[in-house]
Ligand code: GUN
């Protein structure tokens, strides 16, 4: 088999961020609006702190009004709901994101339900999940939308192809499967949602023309689970201990890249693949919200 095409996230994310930068300038100069994004982090999960830091950096770089609320682990559900309500009522805030996971004493669904769907730049509110499923415009969840943008950018044919999504989370697996099944560009695929309870997961994943993995287990997909010539999209971001690494860990995907790459026609690296798309799509959702795109859809 020839070398696979490496589907890097950077050129795709850069193209989206260039457009976002132009849109921010237009909103500021022509309409006097500075897009505002408020991100809430509760507790001190190190991976979440890193993601939130990157979101803050990127939104500042783009000239957004970016505010990050870092709250202690023992924040009560009521306190968090109060903050969400304040942000809902603040006209300078166009996007609200509460970083998941939350401490176990807080019900993430309850928080998601409290966010005004118009400001829900994660696309997690049931109103927006419903819009996605029936094909109405609205904020799309960032990581799944980023995956579809990558497939379109690299001209990976999806129509009529067998797509297998491994993982059924509300953040990635379920919305990604829905997007791939939509009758539109970057969709129209024949979609299976597979997960860890499958009797024979390999038999399912080996049927995939496009295998998309978001199961949160390092190097979970080996070459025996992939069809020769498949396109493999690895959404996993896992920290594994590595005493030789500067930080004491290294980041690997859900796919065993070294084993799988020689077998496929194209593959996303980790890091440097899908991960870069999440922030780009978040910025895009935030300016869309500031522009009023989600107001009456
Ligand atoms: N945790 C991991 N990914 C995400 C995301 O896209 N949004 C939020 N809110 N939390 C996350």
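Read-outs throughout are calculated quantities, based only on the coordinates presented, and are distinct from any laboratory measurement. Source: prediction; values computed, not measured. FYI the Cβ positions are ideal-geometry reconstructions off the backbone, even for glycines, and counts take in every protein chain you see.
In region 61-81, is there at least one residue being within 19 Å of residue 108 (Cβ to Cβ), assigned to a helix (DSSP H, G or I) and without any contact (Cβ under 8 Å) to a residue 12 or more places away in the chain? Yes.
In region 86-103, the residue that is farthest from the ligand (Cβ to nearest atom) out of those that are farther than 23 Å from residue 288 by Cβ and surrounded by fewer than 22 Cβ atoms within 10 Å (Cβ to Cβ) is 103.
Taking the listed residues 204, 115, 134, the one that is within 15 Å of the ligand (Cβ to nearest atom), farther than 21 Å from residue 8 by Cα and more than 18 Å from the chain's Cα centre (by Cα) is 115, with no other qualifying. If you go through region 1-46 and keep only what is part of a helix (DSSP H, G or I) and closer than 20 Å to residue 148 by Cβ, you end up with 10, 11, 12, 13, 14, 15, 16, 17, 18, 19, 20, 23. Being without any contact (Cβ under 8 Å) to a residue 40 or more places away in the chain, closer than 26 Å to residue 250 by Cβ and out of contact with any helix residue (DSSP H, G or I) (no Cβ under 9 Å at 6 or more places or on another chain) is not true of residue 32. Of all residue pairs spaced 6 or more apart or on separate chains, those with beta-carbon atoms under 6 Å, a first member in region 88-102 that is within 15 Å of residue 68 (Cα to Cα) and a second member that is near the ligand (Cβ under 7 Å from one of its atoms) and part of a loop (DSSP other than H, G, I, E, B) are 97/122. Within region 148-168, identify whether any single residue is within 15 Å of the ligand (Cβ to nearest atom), buried (at least 18 other Cβ atoms within 10 Å of the Cβ), on the phi < 0 side of the Ramachandran plot and part of a helix (DSSP H, G or I), and answer yes or no. Scanning region 148-168, I find at least one residue that is within 15 Å of the ligand (Cβ to nearest atom), buried (at least 18 other Cβ atoms within 10 Å of the Cβ), on the phi < 0 side of the Ramachandran plot and part of a helix (DSSP H, G or I), so the answer is yes.
Could we say that residue 110 is farther than 28 Å from residue 247 by Cβ, more than 19 Å from the chain's Cα centre (by Cα) and within 16 Å of the ligand (Cβ to nearest atom) here? Break it down stepwise before answering.
Numbers: farther than 28 Å from residue 247 by Cβ: yes; more than 19 Å from the chain's Cα centre (by Cα): yes; within 16 Å of the ligand (Cβ to nearest atom): yes.
Taking the combined requirement at face value, the residue satisfies it.
So, residue 240, is that one on the phi < 0 side of the Ramachandran plot, more than 16 Å from the ligand (Cβ to nearest atom), out of contact with any helix residue (DSSP H, G or I) (no Cβ under 9 Å at 6 or more places or on another chain) and assigned to a strand (DSSP E or B) or not? Yes, satisfied. Residue 49 passes every criterion in (1) touching a strand residue (DSSP E or B) at 6+ places or on another chain (Cβ under 7 Å); (2) assigned to a helix (DSSP H, G or I); (3) buried (at least 19 other Cβ atoms within 10 Å of the Cβ) apart from (3).
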